[in-house]
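Taking it in order: structure first as structure tokens, then the write-up.
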Amino acid sequence: MEQKKETLLEIHDLSVSFRMYDHGLEQKDLKAISDLHLTVHSGEIVAIAGSSGSGKSLLASAILDILPDNATVQGHMHYKGQELTRERQKQLRGTKIALVPQSVAYLDPLMKIGPQADGHYKPKPTEKRRKLFERFQLPEHTEKLYPFQLSGGMARRVLVSTALITDAELIIADEPTPGMSLEQALEALRMFREMADEGKAVILITHDMDLAFEFADRVAVFYAGTTVETALASDFKTGPEALRHPYSKALWKALPQNGFEPIPGFQPYAGSLPKGCLFAPRCPYKTEQCEKQVPPVREIRGGEVRCYHGA
Amino acid sequence: MALEAKNIYFRYDRKQPWILEDCSVRVEKGERLAIFAPSGYGKTTLAMLLAGYLEPAKGQILLDEKPLPKRGICPVQLIYQHPEKAINPRWRLKRVLEESGQLREDVLDAFGIERAWLDRFPRELSGGELQRFCVARALMSGAEYIICDEISTMMDVITQAQIWNVVLKEAGKRNMGIIAVTHNKHLAERIATRTIDLSI
């Protein structure tokens, strides 16, 4: 905002593919993320919005190196200016980079909530955790319960606490709010905002676009495994005329409060991606060029966009 | 003509407190009702009771003043929040649709179901694509009422708008009644003719 902040995480040309069996013993590579760019500065919340199955959660796993064995990662990731190697990822995850997992199934079903949320840290952060639980309106006896005794919304709040308890500089929150009431969701996002204001950073993966616009500094829009646009959150509040990519405009127009109009068609399946621009089959402005070649990332009005026609 | 829950009580176990206590909801044919309630209130339980998947401990679920029919396809159909949990993972999607009646081209087109998807297994489609099948099979069955339990919470907004537009169009054509459980006030304003907040 006032001045250029330090770059915390920089991702360049990231691709993630999965080795899969095709026919019989033949194998093929399924590309789930292709040529993805993302930069996160300290002091900001970057929201990631976009279609389901566009690789949002995969990106989180790739940053932390917790992808399954049949996945291959290509491209460059830098954390605080240094290459993120496997050893470095192992060192950083859980201490400097924390994850709020998407599924409540990530909780250990055989462990009580209290000790589970405290984790392996020494000394035990029990006091800090109790304060967090209190802020999240989790009743005192929650720490003595097992995960199956919690409702969906309670489990989410516990998951968010497990990440806030660490001294992480970067929190990757993968869909942290579904099942929470609006008030609780706002409280969770307020806590993320406080963290960011202390100079840390948050990557917020969410479908809840209203909340994202309200709390994030920038919004990255994903489509079919790549970033099609990165814009200031305020551009999304202004409306489609401030946005650059046709898909971001389509997202805005599909919100229930802004018209509720969907564009036709579907996101391409990872096995059959189009040759050129990934959005071309659904794009009203496509030209021959779009179908032949993937558009490069361009800077327009302080945002980044991957489109020949964005203006 | 209405679907009605009349003073129902429900709990999952005798030792546990009531989840729903003296709860009444009524939706007329052709009406679209959106229900709000805080997390853990029992919205999903209410949805399952209305569709006949659970029996209330006390009180009645009435369709046109009569209890729900016990045989045949239920005229009240429930669509779940997680389509991947509501579809047999070992069936190809063609079979999923055929279970509820003859496959019709016009239905496939109305729901934007691509022909290539029919030969796939559920794990080969995304949640939004699967949800179309769930909505299609509920509407193909000839249902008069559908209960939508947060059917678009896990979807992006474009898919959400696609699914709801199809549901609203079909429901309008056939004068169906809809009960939609949702957290999103903007969405409720869009889809419903009436909203109630169960927590008040």
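Which of the residue pairs B:Lys15/B:Lys58; B:Lys85/B:Lys173; A:Lys249/A:Lys286; A:Lys5/A:Lys200; A:Lys96/A:Lys128; B:Lys43/B:Lys169 have a Cα-Cα distance greater than 19 Å in the structure shown? From B:Lys15/B:Lys58; B:Lys85/B:Lys173; A:Lys249/A:Lys286; A:Lys5/A:Lys200; A:Lys96/A:Lys128; B:Lys43/B:Lys169, over 19 Å: B:Lys85/B:Lys173; B:Lys43/B:Lys169. At the residue level, A:Cys307 shows approximately 10 square angstrom of accessible surface with a 1.4 angstrom probe and all protein chains present. Mean partner shielding of peptide A:252-265, defined as the number of other chain Cβ atoms within 10 Å of each residue Cβ, is 6.
If a spin label sat at a point 7 angstrom from the Cα of A:Val294 along the line to its beta carbon, the backbone N atoms of the range A:50-74 nearer than 13 Å would be those of A:74.
Label separation (B:Arg123 vs A:Glu83): 3.5 nm, computed from points 7 Å beyond Cα along the C-beta direction. In this calculation the C-beta distance from A:Tyr121 to B:Tyr9 is compared with R0 = 30 Å, giving a FRET efficiency of 0.05. Note on chain A: GNM, Cα springs under 10 Å; of A:His41, A:His245, A:His120, the largest mean-square fluctuation is that of A:His120. Using the Cα gyration tensor of chain A, with a ≥ b ≥ c the square roots of its eigenvalues, what is the shape: rounded (a/c below 1.5), prolate (a/b larger than b/c) or oblate (neither)? In terms of gyration-tensor shape, prolate.
Every helix of 4 or more DSSP H residues in the protein assembly as shown counts as -39500 (n - 2.57), and over all residues that averages to -8500 deg cm²/dmol at 222 nm. Extension gain for B:Asp197-B:Met1 works out to 68.3 nm (0.36 nm per residue, less the C-alpha to C-alpha distance).
Within chain B, what is the longest stretch that has no trypsin sites (Lys or Arg not before Pro) placed in a DSSP loop and near at most 10 other beta-carbon atoms within 10 Å? Formally, the longest exposed-site-free interval is B:91-200. The mean count of C-beta atoms from other chains within 10 Å of the C-beta of residues in A:267-276, rounded to a whole number, is 2. Taking GluC sites (Glu not before Pro) as exposed when DSSP calls them loop and at most 14 other C-beta atoms lie within 10 angstrom, chain A has its longest site-free stretch at A:27-197.
A 1.4 Å probe run over the protein chains yields, for the protein assembly as shown, 48 Å² of accessible area per residue, whole-number rounding. A Förster radius of 41 Å combined with the Cβ-Cβ distance from A:Tyr146 to B:Lys94 puts the calculated FRET efficiency at roughly 0.50. Per Stokes-Einstein, at 37 °C and 0.692 mPa s, what whole-number D in µm² s⁻¹ belongs to the range B:2-197, with the Kirkwood radius over Cα pairs as the hydrodynamic radius? Calculated translational D: 190 µm²/s.
Taken about its Cα centre, the range A:1-123 carries a charge dipole of about 360 debye when Lys and Arg each add +1 at the Cβ and Asp and Glu each add -1 at the Cβ. Computed from the Cβ-Cβ distance with R0 of 56 Å, the FRET efficiency linking A:Glu6 to B:Thr44 stands at 0.80.
The values are calculated or read from the model by the stated rules, or taken from the named source; none is laboratory data. Everything numeric in this text was worked out from a predicted model, so none of it was measured. Reconstructed Cβ throughout: ideal geometry from the backbone, glycine too, with neighbour counts over all protein chains shown. The area values use the complete protein model at the heavy-atom level, side chains included, leaving out ligands, DNA and RNA. Shrake-Rupley method; radii C 1.70, N 1.55, O 1.52, S 1.80 Å.
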